Amino acid sequence: MARIAPSILAADFADLYGDVRQVESAEILHLDVMDGHFVPNISFGPPVISSLRERTDLYFDTHLMIEHPSEYVEAFQNAGADRLTVHVESEDDPGAVIESIHDHGMDAGIALNPDTDVGRVEPYLDDVEVVLVMSVQPGFGGQSFMPKTLDRIERLDAMGAAEIEVDGGVNSETGPKCVEAGAETLVIGSSLFGQSDVARALADLRESVGIEAKSQ
Ligand SMILES: O=C(CO)[C@H](O)[C@H](O)COP(=O)(O)O
Ligand SMILES: [Co+2]
């Protein structure tokens, strides 16, 4: 069953909880952490996640676009993250970071950029709870979905990925195609928080992807 993971990258940071409370029914929240090195942008880190943790029980799906994830596993655990997804292109050994994430009691994911061969995540498929497929170059919201992602999702599905999450440019047009290709979790930022009525936009997106409201 597909699900939508709202990405707060496109939310109003001055009224962050105001936006988050409008997507409480989603059950999962996508948190984009950027360090200005792995990607040319800086977003937010553990303090923001920790503050949100005090306000919501949403599952915190934390996407680490940082060069050295191994150095921050404990900080994100303390902040209340439920899952840490690290990039296979990061400077650290993915296998060791995944093990550390599990040792800290969190779920682990492996992410790959649009131009990275899908074969690079194969060694980790049995060890992670999710594979995050970037469908835009990481670093910024509001970009257009790269159509080649659909083949990549199909290949990862055939390789036996447990859960496939697609991230970037997902909307009512591209979302259903991702689900058909084998994705389960759709990260949606600007098509959700960029809208005047966020809760309505979430309901409409669910409908376009064929998700029953009560299952979300
Ligand atoms: O990881 C990301 C960017 O690096 C974001 O999760 C992604 O871009 C979501 O935003 P949008 O739906 O606006 O594309
Ligand atoms: Co993301």
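The values are calculated or read from the model by the stated rules, or taken from the named source; none is laboratory data. Just so you know, these numbers come straight off a predicted model, no measurement behind them. Cβ sites come from the backbone with ideal geometry, for glycine too, and all protein chains shown count toward neighbours.
Restricting attention to the range 49-65, and to residues there that are within 12 Å of ligand 2 (Cβ to nearest atom) and touching a helix residue (DSSP H, G or I) at 6+ places or on another chain (Cβ under 8 Å), which single residue is farthest from Leu205 (Cα to Cα)? Lay out the reasoning, then the answer.
Step one: list which residues in the range 49-65 are within 12 Å of ligand 2 (Cβ to nearest atom), which gives 61-65.
In the following step, the residues that additionally are touching a helix residue (DSSP H, G or I) at 6+ places or on another chain (Cβ under 8 Å) were identified as 62, 64.
Details: Thr62: 22, Leu64: 25 Å.
By that ranking, first place goes to Leu64.
Can you pull out every residue in the range 34-63 that is in contact (Cβ under 8 Å) with a residue 40 or more places away in the chain and either touching a strand residue (DSSP E or B) at 6+ places or on another chain (Cβ under 6 Å) or among the polar types (S, T, N, Q) (or both)?
Selection gives Met34, Phe38, Val39, Asn41, Asp61, His63.
For Glu27, only one of the following conditions fails: (1) surrounded by fewer than 21 Cβ atoms within 10 Å (Cβ to Cβ); (2) more than 14 Å from ligand 2 (Cβ to nearest atom); (3) modelled with pLDDT of 95 or more; (4) not small (Gly, Ala, Ser). What is its number?
Here Glu27 clears every test but (3).
Restricting to the range 112-145, give me the number of residues that are away from ligand 1 (no atom under 16 Å from the Cβ) and not charged (D, E, K, R).
Number satisfying all stated conditions: 7.
Can you name the residue in the range 159-213 that is of a type in the set (Ser, Thr, Tyr) and within 14 Å of ligand 2 (Cβ to nearest atom) and, of all such residues, is nearest to His87 (Cα to Cα)?
Taking the range 159-213 first, the residues of a type in the set (Ser, Thr, Tyr) are 172, 174, 185, 190-191, 196, 208.
Next cut, within 14 Å of ligand 2 (Cβ to nearest atom) only: 185, 190-191.
Numbers: Thr185: 17, Ser190: 22, Ser191: 24 Å.
Only one residue fits best here, namely Thr185.
Take Ile49 and tell me if it is under 28 Å from Glu89 (Cβ atoms) and surrounded by fewer than 17 Cβ atoms within 10 Å (Cβ to Cβ).
Numbers: under 28 Å from Glu89 (Cβ atoms): yes; surrounded by fewer than 17 Cβ atoms within 10 Å (Cβ to Cβ): no.
Judged against the criteria, Ile49 is not a match.
Within the range 40-48, is even one residue away from ligand 2 (no atom under 16 Å from the Cβ), over 20 Å from Ala203 (Cα atoms) and modelled with pLDDT of 95 or more? Step through it out loud before you land on a result.
Residues of the range 40-48 away from ligand 2 (no atom under 16 Å from the Cβ): 46-47.
Next cut, over 20 Å from Ala203 (Cα atoms) only: 46-47.
In the following step, the residues that additionally are modelled with pLDDT of 95 or more were identified as 46-47.
Yes, the conditions are met somewhere in the range 40-48.
Please enumerate the residues belonging to the range 1-20 that are outside any loop (DSSP other than H, G, I, E, B), more than 13 Å from Phe140 (Cα to Cα) and touching a helix residue (DSSP H, G or I) at 6+ places or on another chain (Cβ under 9 Å). Write out each step before concluding.
Residues of the range 1-20 that are outside any loop (DSSP other than H, G, I, E, B), as a first pass: 3-10, 13-20.
Restricting the remaining residues to those that are more than 13 Å from Phe140 (Cα to Cα) gives 3-6, 13-20.
Within the range 1-20, Arg3, Ile4, Ala5, Pro6, Phe13, Leu16, Tyr17, Asp19, Val20 qualify.
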